[in-house]
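Working notes, beginning with the structure itself.
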Amino acid sequence: MIALVQMAAEESENPLVPPVPELIIGLIAFAVVFYFLARKLLPSINKVLDERREAIEGGMEKAEVAQAEAQTALEQYRAQLAEARHEAARLRQEAQEQGAALIAEMRAEGQRQREEIVAAGHAQIEADRKAAAAALRQDIGRLATELAGKLVGEALEDAARQSRTVDRFLDGLDETVPAGQAEAAR
């Protein structure tokens, strides 16, 4: 029975509710641990968390700045590339224009030289024709004088007389040949 009384006494106490002295000691221990955590450990944890947050935010800001710089550099590169392409096209155009101008200049120079050569050729032909006409006139004069001397029977050795006779003969010859044929003969 004693055992039953003890069991009954034990049953009167709720097993979920701790005894009061244990509860007071537990509360004091909890307050000490809470005080230690709040004063010593919690600031260190918050400091580490703040540092991590700042590092992450700073890294994100740095990444954004780096991305903006990269975008700016890319735009500058594209602008420089477009400018270089434009400059190359301009230089190519200038070279083509200079080439065309040089070709035109060389053609004009070639044309001028050709005209000079043709003019020099015509002048040379004219000079040769005049020289041939003078030589022919002299030969004709000499032959005419010899023939006239043989026909007349007297020598026409006098140079002045010979010259007058040849000139008279050639002038008479020019008058008898029609003008168109005389030009063709020359």
Quick one: which of R85, R142, R114, R78 is under 30 Å from L170 (Cα atoms), basic (K, R) and surrounded by 10 or more Cβ atoms within 10 Å (Cβ to Cβ)? R142
Looking only at segment 59-67, decide whether some residue is small (G, A, S), at pLDDT below 90 and surrounded by fewer than 10 Cβ atoms within 10 Å (Cβ to Cβ). no
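The values are calculated or read from the model by the stated rules, or taken from the named source; none is laboratory data. As the structure is a prediction and not an experimental result, all values here were calculated from the model. Here the Cβ is made from the backbone with ideal geometry for all residues, glycine too, and neighbour counts use every protein chain on show.
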